[in-house]
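Encoded as structure tokens, the structure appears first; notes follow it.
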Amino acid sequence: MSTTLHRTAVYLLWLTGFSLPISIAGVNTLLPLITVLSLWILWHEPKHLNLASHPVVLTSWALWLWGLLAISYSLLKPFAALQTLLPYLEFFYLPFMLLLFQNPHRQRWGIHCFMIGLLVVLLGAYFVWLTGIPLGKATAENPVIFKNYISQGILFCVGAVLLLWYWQEYPRWRALITVLLLLILYNILFIGQGRSAYIIVLMLMLWRGFIAWRWRGLLLAILGVGLLALSAYHFSDSTRLRIQQTWQNIQAYDSQQPAHTSVGYRLEFYYHSLQLVAQRPWLGTGTGGFTPAYTQLTANKNMIMCENPHNEYLLITVQWGLPGLCLFLLFLAVLFFYSPRLGAFSQPAQGLLLIILVGNLFNSLWLDFTEGHTFAYFIGLFYARLGVSWSPRFY
């Protein structure tokens, strides 16, 4: 029976991977079931309890528990503060993903299932863009089917990293993999509306150049990225418009006046978030305290209400103080430190970490459901067999 339940949990986790680019409801339904099955496995197979010593588990749970502790001094009432912590459940789910992905076969199929779901999104986006026929929420001007354009762009960046892994692992399929990679890159650079994905994919190109040929590769990648950016600017109306609007919005921003543009709003959020950090640097406002603190700070200034500053580093620091930021950075440092030990998954793990590092400068991606759960899914997948070389007691 134990084997059957273990296998069932793995199948549900694969289905979660397929659902991540498509359905929030599907992921919300599957993960609690996976958690229950995983707890049953841990109860009846105590050897897996060594999972508690896994460095990713230690740092992710330390961060989540600090957020739980921060409820005690939050500006919100305890129940309301607890609700704001729920979007960070992916840190709680991480150990169960690490448990279920402890097999190379499961890891590979975990990637395959996610990529099948992402392929549905990619083909659907191109269908709408080419035909003009609406599909789901997508229109020809904004071909985003299941998510918003920021989430879809981040998912495509993750897909690009995984396709580079496929290119290394499956040489016979390189022609098809190259086509899919070009389709994803073209969508991000010339079709999609997300500025975050645009910056991330350019950074991924620099990273890939450095990985391939070190400093010479980085120099070549810089030249390539420059040429690509110029091409996108001159030949894509949507890209040129995004860049021009971004620059105009930055020039027009005045910290003493209410913002009226998307970039201006972000600068406004950053400016006032830094003020909140300066006011309460050590413990912060408590879990869920960002919104009431921000509202109080900007009262009578005719500025829009802000639920998060669109920067994960600032959001964590405002709510959980400098200790919370240090725990978050420690979590990321652990991912970086152990990534060279992951064998075939070293490079995709580093690519995912780059997406997390850069993407969270412009968005609160761990707070956002799709992005946060996608990160947790692949961290669990990539680092699940870390114990093979990290600690003989892990199994």
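The values are calculated or read from the model by the stated rules, or taken from the named source; none is laboratory data. In this text the structure is predicted, and so the values were computed from the model without any measurement. Ideal geometry is used to build each Cβ from the backbone, glycine not excepted, and the neighbour counts take in all protein chains shown.
Data for the structure
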{"read-out": "Residues within segment 103-156 that are of a type in the set (Gly, Ala, Ser) and surrounded by fewer than 19 Cβ atoms within 10 Å (Cβ to Cβ), tallied", "value": "4"}
{"read-out": "Sole residue being under 24 Å from residue 281 (Cβ atoms) and either touching a residue at least 12 places away in the same chain (Cβ under 8 Å) or of a type outside the set (A, V, I, L, M) (or both), chosen from 364, 346", "value": "364"}
{"read-out": "Of the criteria (1) under 28 Å from residue 50 (Cα atoms); (2) among the polar types (S, T, N, Q); (3) surrounded by 20 or more Cβ atoms within 10 Å (Cβ to Cβ), which one residue 346 fails", "value": "(3)"}
{"read-out": "Sole residue being closer than 22 Å to residue 365 by Cβ, over 18 Å from the mean Cα position of the chain (by Cα), in a helix (DSSP H, G or I) and touching a residue at least 40 places away in the same chain (Cβ under 8 Å), chosen from 99, 82", "value": "82"}
{"read-out": "Cβ pairs under 6 Å, 6+ apart, first in segment 117-133 and under 15 Å from residue 149 (Cα atoms), second small (Gly, Ala, Ser) and modelled with pLDDT of 85 or more", "value": "118/159"}
{"read-out": "Residue that is nearest to residue 204 (Cα to Cα) [pool: residues in segment 134-158 that are touching a residue at least 60 places away in the same chain (Cβ under 8 Å) and part of a loop (DSSP other than H, G, I, E, B)]", "value": "147"}
{"read-out": "Search result, residues across segment 296-314 that are within 19 Å of the chain's Cα centre (by Cα) and either surrounded by fewer than 23 Cβ atoms within 10 Å (Cβ to Cβ) or of a type in the set (Gly, Ala, Ser) (or both)", "value": "307, 308, 311, 313"}
{"read-out": "Of residues in segment 23-55 being surrounded by fewer than 19 Cβ atoms within 10 Å (Cβ to Cβ) and assigned to a loop (DSSP other than H, G, I, E, B), the one modelled with the lowest pLDDT", "value": "45"}
